[in-house]
Structures are given as C-alpha cells and as structure tokens.
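One structure is given below, encoded as structure tokens.
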Amino acid sequence: QVLLVESGGGLVQPGGSLRLSCAASRSISSIRRMGWYRQAPGKQRDLVATVTTDGTTDYADSVKGRFTISRDNTQNTVDLQMDSLKPEDTAVYYCNAQILFNTFWGQGTQVTVSS
C-alpha cells in the first residue's frame, strides 16, 4: 500500500509552465510503474504519462514534446514538468501507482490554463 500526495497545481496563462510533484509515503523503488492521469470536467480520467523503474517513459500524444515525467527513487517522488501549456490541459491531475493488482491514487491537484 502507498499514500500519494500531489502538489504544484495552480492557475497559469497559455504558454506557461507548471511542475507537479507526487510524494509517496513509502519507497517507490520497487513500484514498477508510476504515472500521472488527468480528468477534465465531464470527461473520463485519461493517461498523461508513465515512468517505469528503469526510466522508460510513455506519454499521451496530446502532451508529447511538452510534458516530461521523472521519478526520484531516493526522494520517493514522481514529477511532471509541463511546458507550453494550453487551455485544453485544464484538469485535475492525479498521481498513480500500480502495485501488483492494486491501483493507488492521490487526491488530485487542479491545473487551470487560462488568460
């Protein structure tokens, strides 16, 4: 089991940047895959990016080239650097961890991209 706490959300203008951070309550070195998802109002929760223990990353097509996911197994954190933000990136962003057959979520952090 793991508790996940997200931080770093906020209001930013189009073209701006934000960095989200997810802090885990235990070591993440053995958690094979961690990631970020997002959910806009009235829409389903969608994958944004994932990173595995060996550093392999995967991104949704809509964020490729703009977002970068990283993990620090010594600090037990997973970060999402978001650049060139667009209004359509507005959503609640959730941290995710897959441990065996269980899925764990953080409480989410709001990102709003608006002028």
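Between ARG33 and LYS64, with labels modelled 7 Å along Cα→Cβ, what's the label distance in nm to one decimal, could you check?
Computed distance between label sites ARG33 and LYS64 equals 1.7 nm.
For segment 58-112, how big is Rg over Rh, using alpha carbon atoms and the Kirkwood form of Rh?
Over the Cα atoms of segment 58-112, Rg/Rh equals 0.98.
How big is the charge dipole of segment 40-108 about its Cα centre, in debye rounded to the nearest 20, if each Lys and Arg gets +1 on its Cβ and each Asp and Glu gets -1 on its Cβ?
Dipole size: approximately 160 debye.
Put a dot 7 Å past each Cα toward the Cβ at ASP83 and PHE101; how far apart are the dots in nm?
4.2
Provide, in order from the shortest bin, the percent of all Cα-Cα pairs of the chain in each 10 Å bin, continuing until the bin that contains the maximum pair distance.
Each 10 Å bin holds this share of Cα pairs: 15, 50, 29, 5, 0.
Quick one: pull the percent of accessible area on segment 22-115 belonging to carbon and sulfur, 1.4 Å probe, ligands and nucleic acids left out.
Carbon with sulfur: 46 percent of the solvent-accessible area.
Which chymotrypsin sites (Phe, Trp or Tyr not before Pro) from segment 17-114 combine a DSSP loop assignment with at most 13 other Cβ atoms within 10 Å?
Passing both the DSSP loop test and the Cβ count: PHE101.
For the chain, what does the accessible surface come to per residue with a 1.4 Å probe? Please give it in Å².
Per residue, the chain has 53 Å² of solvent-accessible surface.
The values are calculated or read from the model by the stated rules, or taken from the named source; none is laboratory data. All values reported here derive from a predicted model rather than from experimental measurement. Quick reminder, even Gly has a Cβ in these numbers, built from the backbone with ideal geometry, and neighbours come from all protein chains shown. The area values use the complete protein model at the heavy-atom level, side chains included, leaving out ligands, DNA and RNA. Shrake-Rupley method; radii C 1.70, N 1.55, O 1.52, S 1.80 Å.
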